[in-house]
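Below you'll find the structure, written out as structure tokens, and then a few comments.
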Amino acid sequence: MIKNRVKELRARFDITQGELADQVGVTRQTIVALEKGSYTPSLLLAMNLAEVFKLPIEEIFSKEEK
């Protein structure tokens, strides 16, 4: 399972779900699912999010320990 900090980072950058979706080329529903943890992003989406937040992918996504 992969956990992420997208919701936290989006709030810090004061970006709406719709704005973030537009910036990374997905629908707002994809961002909602990503924030809920019910969607595992593609590598391209993860890279696009890293560009928006100006962070390495590893600071946005992490592997959840079992």
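Between Lys63 and Lys7, what is the label-point separation in nm under the 7 Å Cα-to-beta-carbon projection?
Between Lys7 and Lys63, the simple spin-label model gives 2.4 nm.
Treating only the Cβ of Lys, Arg, Asp and Glu as charged (+1, +1, -1, -1), what charge dipole size does the chain show about its Cα centre? Round to the nearest 20 debye.
180
Count the lysine pairs in the chain whose Cα atoms lie under 13 Å apart, taking only pairs 8 or more positions apart in sequence or on different chains.
Taking the Cα cut-off of 13 Å, the pair count is 4.
Evaluate the distance, in nm, between pseudo-label points positioned 7 Å from the Cα of Lys36 and of Glu51 along their respective Cα→Cβ axes.
Label-label distance for Lys36 and Glu51, simple model: 2.8 nm.
Along the positive direction of the dipole of the chain (beta-carbon charges: Lys, Arg +1; Asp, Glu -1; about the Cα centre), which of Val24, Leu55, Gly37 reaches farthest?
So the residue we want is Gly37.
Counting only heavy atoms of protein chains, what accessible area per residue, in Å², does the chain have with a probe of 1.4 Å?
Per-residue value: 68 Å².
The values are calculated or read from the model by the stated rules, or taken from the named source; none is laboratory data. All values derive from a computational prediction rather than experimental measurement. No Cβ is skipped: glycine too gets one built from the backbone with ideal geometry, and neighbour counts run over all protein chains shown. The protein model used for the area step is the full one, side chains on, heavy atoms only, and it has no ligands, DNA or RNA in it. Shrake-Rupley method; radii C 1.70, N 1.55, O 1.52, S 1.80 Å.
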